[in-house]
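Working notes for the structure below.
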Amino acid sequence: MLGENRNIPRRETPGRETNPGPSCCKATMLPTSPLCRFYLSTVRLIVVSGAFTMIPPNQSRRSEIKAVAQKEEEELQRWKETHKPPPLQLNPERLGGGDVTLAEARQRQFTDLKCFKIQKKLKKEDMDKKRRQEEEEELQKMKAKQREKSEYLKKMREQEDEKRREQLHQDHIRGES
């Protein structure tokens, strides 16, 4: 049953040009073979062999795509030719700044390297200082917020205490009378 399900004929969409496929397939593959069958659909010759299906290419569509690709390639080459950068005309110079000897150039490199290390260290220190300062500012903001909150709560407690005292005083006055 599984072997029968594998050999289901497939059809191409109608309306496309027909392509009988290469003639060599007809000669080499036998339709009587149990592993391979030929299905002649309305469009192309489709070869089913076991789990594999071979659909021959549509030659007219293939040639059309090939022509478009060749045309685009030619246009690209023309564009490259028109936008080609002009050659550079520079006067030859001695590398390293002109009148510098090898020893002077090496000395300059050495001092630049030392300065680079120092600059890198200073830059790192500045970044750390800035980061610490930002953290400190955040901490101060949080402290100020908590301080305001505690002051508000203290004020509310004092108001509640004052109300309780007043009620207690009124109850005390009523009790004496």
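The values are calculated or read from the model by the stated rules, or taken from the named source; none is laboratory data. Being a predicted model, the structure only gives us computed values, none of them experimental. Surface accessibility is based on the protein's heavy atoms, side chains included, excluding ligands, DNA and RNA. Shrake-Rupley method; radii C 1.70, N 1.55, O 1.52, S 1.80 Å.
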Please give every one of the lysines within straight-line cross-link reach of K124, meaning a C-alpha to C-alpha distance under 22 Å, and leave out same-chain neighbours fewer than 8 residues apart. K114
Per residue solvent-accessible surface (Å²) - segment 72-177, probe of 1.4 Å: 107
Mean projection area, nm², convex hull over Cα of segment 51-173: 30.9
